[in-house]
Amino acid sequence: MHDEITEVARHRQVRGGTRLAGVVSDLARPVVVVGSTTPVGQLEVMFRNPELGCVVVVEDGGTRTGIIMRSGLTAALTGRLGYGRAVLERRPTSEVTDWSPMVVHPHDAVSSVATRAMERSDARRYDDVLVAAEQWASASTADLMRSLVAALADRSSRDPQTRLPTRSATWHSLARRCDLVQGTRTRVVLVLLDVRGMSALNARHGFVAGDAVLVDLAGRLVGGLPRGCEAGRVDGDRFAVLATLPPMDDIQAAASADHLRRHVLANLAQPSAATGAAVWPELRSSVVWSVAGAADAEELVREAESRLGGSGSPGGSRVGRTAPSAPGPSEGAGDRLPLRRVG
């Protein structure tokens, strides 16, 4: 049950595309090239291949390059009176060619190409875009728009600096985990990490060094997480780790939650070779976990923030409105605050 809840929670969080939009060559596909004197009837045979969306037409004895879309050829062969096929079957392809297609460079940005494509007239707006490389290629407008939307979704849910999920995406995922544990014996754990003295670090070493520290921390945080956990950047100098605990009693849950906190801190304790000890910061942490089968995301966040900002202690709390009486304190090395029930 614990593994199922963890997997579902991770797949139901807000997600964008797998990468940023990139350049148009990432989406380009090879395209069939024919001469302008090729009979239209032969063209119709080519389009029997369902994967063929367009054909590039190179003018025989000329310099023009055009395009024929499947939809355009179908419309031409139908004709206004239904006699298009009979009239055009033996005519040259040039008669049904669009000689003013949109042609782009392979390294043009998808964002600019998609914008230009959508600015075309209604009749040509959804035609493929030709990519002028050593060999002609084409990119569908649908693929361009999907890539652009995926990039926008990614940028709205991923921190551009650390590539971790943003605060809204992280809290959304936390809420999903809380929903999924309702009525089960599993629990949700939230660990907050705060980089101490970030402003002083920026003032002393510069923003470039400060940004490098945050990126390094994020990479090592993600790389050292146990299976089923996920991390996010929830503030300029604050990170969060989410986890779901399998069924266990209150004492074991307290120990497991704090073990996760200590494991995360241990992975971030030593400075990296690239960053150096002179700028490597200290981290404050707090951990909270829900009662079995009853978790509230807002309550978890509020309690974790309170503990992190109030005393600076790494202690943890069991959080849940329907919790039974909490057991006695179970403190490890460095814990100064006992477990307590909130609500």
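The values are calculated or read from the model by the stated rules, or taken from the named source; none is laboratory data. Please read all numbers here as calculations on a predicted model, not as lab measurements. Neighbour counts are summed over all protein chains in view; Cβ atoms, including those assigned to glycine, are modelled from backbone coordinates with ideal geometry.
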Does region 267-285 hold any residues that are farther than 21 Å from T170 by Cα, touching a residue at least 24 places away in the same chain (Cβ under 8 Å) and aliphatic (A, V, I, L, M), and which are they?
A274, A278, V279
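Just checking, which of A231, A169, A240, A218 is aliphatic (A, V, I, L, M), buried (at least 21 other Cβ atoms within 10 Å of the Cβ) and modelled with pLDDT under 95? Outline the logic, then answer.
On the way: A231 fails: modelled with pLDDT under 95; A240 fails: modelled with pLDDT under 95; A218 fails: buried (at least 21 other Cβ atoms within 10 Å of the Cβ).
None of the others qualify; the one that does is A169.
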Flag if S147 is buried (at least 22 other Cβ atoms within 10 Å of the Cβ), under 30 Å from P101 (Cα atoms) and hydroxyl-bearing (S, T, Y)
yes
In region 100-135, the residues that are in contact with a Ser or Thr (Cβ under 8 Å, 6 or more places away or on another chain), in a loop (DSSP other than H, G, I, E, B) and either hydrophobic (A, V, I, L, M, F, W, C) or closer than 17 Å to L73 by Cα (or both):
P101, R125, Y126, D127, D128, A133
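Could you look through region 109-146, keep only residues that are of a type in the set (D, E) and free of Cβ contacts under 8 Å to residues at least 60 places away in the same chain, and pick out the one that is farthest from L52 (Cα to Cα)? Working first, answer last.
Filtering region 109-146 for residues of a type in the set (D, E) gives 119, 122, 127-128, 134, 143.
Those still in the list that are free of Cβ contacts under 8 Å to residues at least 60 places away in the same chain too: 119, 122, 134.
Working: E119: 25, D122: 22, E134: 20 Å.
Applying the filter and picking the extreme gives E119.
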Taking first residues from region 91-107 that are under 16 Å from E44 (Cα atoms) and second residues anywhere that are in a helix (DSSP H, G or I) and not small (G, A, S), the pairs with Cβ under 7 Å that are 6 or more apart or on different chains are R91/V40; T93/V40; T93/L43; E95/L88; V96/V40; V96/L73; V96/L88
Identify, by number, the condition in (1) in contact with a strand residue (DSSP E or B) (Cβ under 8 Å, 6 or more places away or on another chain); (2) closer than 30 Å to R155 by Cβ; (3) assigned to a helix (DSSP H, G or I) that L43 doesn't meet.
(2)
Determine if region 199-219 includes at least one residue that is over 24 Å from the mean Cα position of the chain (by Cα) and in a loop (DSSP other than H, G, I, E, B).
yes
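Given the criterion assigned by TED's automatic domain parsing to the domain that holds R185 and within 23 Å of the chain's Cα centre (by Cα), identify the matching residue among G293, G236. Outline the logic, then answer.
On the way: G293 fails: within 23 Å of the chain's Cα centre (by Cα).
Step by step, each of G293, G236 is checked, and only G236 is assigned by TED's automatic domain parsing to the domain that holds R185 and within 23 Å of the chain's Cα centre (by Cα).
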Mind listing whichever residues of region 36-65 are among the small types (G, A, S) and loosely packed, with under 12 Cβ neighbours inside 10 Å?
G61, G62
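Against the definition (β-branched (V, I, T) and in a strand (DSSP E or B)), how does V34 come out, yes or no?
Values: β-branched (V, I, T): yes; in a strand (DSSP E or B): yes.
Criteria met by V34.
Which members of region 1-31 meet the condition of being modelled with pLDDT under 90, assigned to a helix (DSSP H, G or I) and farther than 30 Å from P246 by Cα?
Of region 1-31, the ones modelled with pLDDT under 90 are 1-22.
Cutting the leftovers down to assigned to a helix (DSSP H, G or I) gives us 2-11.
None; the set is empty.
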